[in-house]
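Here's the structure, in structure tokens; my notes come after.
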Amino acid sequence: MPDPAQAAQAAEAAQHITAMPTDLFGFIAGTWDVWVDGGWVMIPLALLAIYTYFEAAALVMHLRRTRINKTPQGQWEQWIDSPEEGTGHVGDIIRYVTGNGICRNSVLPRIAAVRQAMIPEVNQKIVLLSVLVTVAPLLGLLGTVIGMLTTFKGLSVNTGQTIDLVAEGIRVALITTQTGLQVAIPGYIFLSVLVKKRNEYNAFLASLESTLVQKATRLEHAQQDEASA
């Protein structure tokens with residue numbers, strides 16, 4: 001026969017277990033309760049998430065505005081011969097690089113100047129974001145340690161509230177750990193997108209540099225042939 005006292009406690013506990021809310025207000029209220037129950041560690045986690053995603057989104061949008069992957073190589077190769085037809089960021093680069101004509105003495109330094117103006121700043125942002133994303137699970141781990149300390153405190157106290165203290169400590173530990181991972185995982189996805197965009201920009205500059213050097217070499221050879229004729 002089940003113990004009536006245990007059955008009553010189980011029934012009382014079941015009353016506090018609610019299904020996942022389906023309405024917006026219930027979802028917001030439930031999310032707020034989770035953040036509050038997570039303790040003070042949730043505050044720096046929230047600030048870290050806002051700052052990380054803001055910086056990552058701003059950098060992604062900045063790189064997307066260059067439209068490097070939207071401009072086929074055949075198109076910008078035509079712009080080299082007619083720089084005034086170039087549009088967008090790619091057209092601006094071609095007009096700047098070919099401003100003094102297509103010769104290696106001017107093309108190489110100007111390509112290097114474009115790369116120096118863009119890539120180091122992007123690399124610094126990527127390093128900063130990688131640090132911030134790494135900090136998120138560490139903050140979650142800090143909340144885990146705090147929750148486990150509460151758990152051990154509950155185990156050391158021989159009172160009727162031992163189970164409640166242990167359960168609350170484990171709950172806080174799980175909340176902060178989960179939140180830290182929820183902040184970090186999308187952050188790593190943002191980082192992979194940023195690295196891909198940076199590599200695409202580097203590849204474009206390398207391809208443009210190679211194309212211009214080859215064209216400059218052909219022009220020099222043609223001029224030499226005309227001079228020797």
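Couple of notes before you dig in:
- Filtering the stretch 85-132 to residues that are of a type in the set (Val, Ile, Thr), in a helix (DSSP H, G or I) and touching a residue at least 24 places away in the same chain (Cβ under 8 Å) leaves 90, 93, 94, 97, 107, 111, 114, 119, 122, 126.
- Criterion: at pLDDT 75 or above and crowded, with 18+ Cβ neighbours inside 10 Å - qualifying residue of 222, 184: 184
- Search result, residues across the stretch 15-56 that are exposed (fewer than 12 other Cβ atoms within 10 Å of the Cβ), at pLDDT 70 or above and not β-branched (Val, Ile, Thr): 40, 47, 54
- Residue that is modelled with the highest pLDDT [pool: residues in the stretch 57-89 that are within 19 Å of the chain's Cα centre (by Cα) and surrounded by 17 or more Cβ atoms within 10 Å (Cβ to Cβ)]: 59
The values are calculated or read from the model by the stated rules, or taken from the named source; none is laboratory data. Since the model is a prediction, treat every value here as computed from it, not as a measurement. Ideal geometry is used to build each Cβ from the backbone, glycine not excepted, and the neighbour counts take in all protein chains shown.
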